[in-house]
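Asker: Please find one structure pasted underneath; my questions will follow.
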């Protein structure tokens, strides 16, 4: 079954312009192009797009997604571990901010003696 850009966008939840952009940068090429320039995608491209969306949802940069795709997943583990470390650092920083906010709230709500 072939998918047009519009149907691929509807199935994947990404915009038509995103699919065009992914084609432009070489991340998601159509299976074929018609003589009128229309792009047609197959199941393989739909699955690849879903994988791209998964990585994007994790916050992984397109440049790293391209590395994963181009290397058939060989770099995937290293990229995921590095991204997890970044997220753990962000969580730690946010936890410290929450603690500071809680401390300030306590200061503001504690009556003066």
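None of the figures in this text is laboratory data; all of them are computed from the coordinates on show. Bear in mind that the values here come from a model prediction, so they are computed numbers and not experimental data. Here the Cβ positions follow ideal geometry from the backbone for every residue, glycine too, while neighbour counts run over all protein chains shown.
Asker: Working only within segment 21-67, note down all residues that are in a helix (DSSP H, G or I) and touching a residue at least 24 places away in the same chain (Cβ under 8 Å).
Answerer: Residues satisfying the conditions are 22, 43, 45, 46, 49, 50, 52, 53, 62, 65, 66.
Asker: Mind listing whichever residues of segment 104-113 are within 40 Å of the chain's Cα centre (by Cα) and loosely packed, with under 10 Cβ neighbours inside 10 Å?
Answerer: 106
Asker: From the residues in segment 5-20 that are crowded, with 16+ Cβ neighbours inside 10 Å and touching a residue at least 12 places away in the same chain (Cβ under 8 Å), which one is farthest from the chain's Cα centre (by Cα)?
Answerer: 5
Asker: Is it the case that some residue within segment 69-84 is in contact with a helix residue (DSSP H, G or I) (Cβ under 7 Å, 6 or more places away or on another chain) and assigned to a strand (DSSP E or B)?
Answerer: Among the residues of segment 69-84, not one is in contact with a helix residue (DSSP H, G or I) (Cβ under 7 Å, 6 or more places away or on another chain) and assigned to a strand (DSSP E or B), which makes the answer no.
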